[in-house]
1. Does Ile173 fit the bill of being assigned to a helix (DSSP H, G or I) and within 12 Å of the ligand (Cβ to nearest atom)?
2. Report the residue count in the stretch 25-57 for those that are open to solvent by 10 Å² or more (accessible area, probe 1.4 Å) and under 25 Å from Lys80 (Cβ atoms).
3. In the stretch 29-58, what residues are within 14 Å of the ligand (Cβ to nearest atom) and of a type in the set (S, T, N, Q)?
4. Counting only residues that are among the basic types (Lys, Arg) and in contact (Cβ under 8 Å) with a residue 24 or more places away in the chain, which one in the stretch 164-207 is least open to solvent (accessible area, probe 1.4 Å)?
5. Tell me, yes or no, whether the stretch 96-112 has at least one residue that is acidic (Asp, Glu), surrounded by fewer than 17 Cβ atoms within 10 Å (Cβ to Cβ) and under 18 Å from Ser162 (Cα atoms).
6. Is it the case that the stretch 151-162 has a residue that's touching a Leu at 6+ places or on another chain (Cβ under 6 Å) and within 14 Å of Val88 (Cα to Cα)?
7. Condition (residue is over 13 Å from the mean Cα position of the chain (by Cα) and among the charged types (D, E, K, R)) applied to the stretch 50-70: is it met by at least one residue?
8. Six or more apart or on different chains, Cβ under 9 Å: which pairs go from a residue in the stretch 150-163 that's without any contact (Cβ under 8 Å) to a residue 24 or more places away in the chain to one that's assigned to a helix (DSSP H, G or I) and open to solvent by 60 Å² or more (accessible area, probe 1.4 Å)? Could you list them?
Amino acid sequence: MSSALGVSGLGLAGALQIVTYPYPTLRQVSKSLKRVDDELRQMVRRMFDLMYASNGVGLAANQVDLPYRLFVVNLKADPKAAPEFVFVNPVLSKRKGMSEAEEGCLSLPGVYAQVKRPERVTLDAYDLTGQAIHLELDGLFARVVQHEVDHLDGKLFIDRLSTTGELQVRESIADFELTFQGMRDRGELPGERAIAERLAELEKLRT
Ligand code: ZN
């Protein structure tokens, strides 16, 4: 879908970018949303666009440096092939069974590993219009929503690896940490305090 608004017309939404590990917002526990406004709707649109540009099937708000309990999903990474879901203030329950499958993350591009999770899960949430959503999920959908709710709790899939899995990704993780430190040292990233202040402002607006 094309938009009449250019990136500059989108303000903060247009400026959103996916942050990569170990950007501090990825470790923050996100706050429940109390208010949905036009700017937030534009931010969610931007999240879908960023997710599709990276061929992702799920993206949590803190992956674009927003402190809200919200994530988006498209199981085919393509709006023409599968429906778009926005889950606000999601709660998981009734976890059943166990399955193992490979996961990746748009905040850790190029890193993949096997992750064990419950096979089935119940998701309760709201959409952007305040309508309640209740879904009983399995397979990929169940895996994606568990990965995304983990994000909102400040957790990453690399926290859930077996010892073997950890060894396999160790070098890549160290590379991400070195790159981040280098950018910080060169002043290419905001400092801890600037990041925290910006998140606090955004929380004040809507949580
Ligand atoms: Zn992820």
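The values are calculated or read from the model by the stated rules, or taken from the named source; none is laboratory data. Computed from a predicted model, the values in this text were never measured in an experiment. Virtual Cβ from ideal backbone geometry, glycine too; neighbours counted across all protein chains shown. Keep in mind that these areas ignore ligands, DNA and RNA; they rest on the heavy atoms of the full protein, side chains included. Shrake-Rupley method; radii C 1.70, N 1.55, O 1.52, S 1.80 Å.
1. On the way: assigned to a helix (DSSP H, G or I): yes; within 12 Å of the ligand (Cβ to nearest atom): no.
For Ile173, the condition - assigned to a helix (DSSP H, G or I) and within 12 Å of the ligand (Cβ to nearest atom) - is not met.
2. Final tally of qualifying residues: 11.
3. In the first step, residues of the stretch 29-58 are kept if they are within 14 Å of the ligand (Cβ to nearest atom); the result is 30, 47, 50-51, 54-58.
If the condition is that a residue be within 14 Å of the ligand (Cβ to nearest atom) and of a type in the set (S, T, N, Q), then Ser30, Ser54, Asn55 are the ones that fit.
4. Step one: list which residues in the stretch 164-207 are among the basic types (Lys, Arg), which gives 170, 184, 186, 193, 198, 204, 206.
Then drop every residue that is not in contact (Cβ under 8 Å) with a residue 24 or more places away in the chain, which leaves 198, 206.
On the way: Arg198: 74, Arg206: 6 Å².
Filtering first and then ranking leaves Arg206.
5. Filtering the stretch 96-112 down to residues acidic (Asp, Glu) leaves 100, 102-103.
With surrounded by fewer than 17 Cβ atoms within 10 Å (Cβ to Cβ) added as a condition, the list becomes 100, 102.
Still in the list and also under 18 Å from Ser162 (Cα atoms): 100, 102.
So far as the stretch 96-112 goes, yes, one or more of its residues are acidic (Asp, Glu), surrounded by fewer than 17 Cβ atoms within 10 Å (Cβ to Cβ) and under 18 Å from Ser162 (Cα atoms).
6. Keep residues of the stretch 151-162 that are touching a Leu at 6+ places or on another chain (Cβ under 6 Å), which gives none.
No, there is no match, as no residue in the stretch 151-162 is touching a Leu at 6+ places or on another chain (Cβ under 6 Å) and within 14 Å of Val88 (Cα to Cα).
7. Looking through the stretch 50-70, none of the residues is over 13 Å from the mean Cα position of the chain (by Cα) and among the charged types (D, E, K, R).
8. Asp150/Asp159; Asp150/Arg160; Lys155/Arg27
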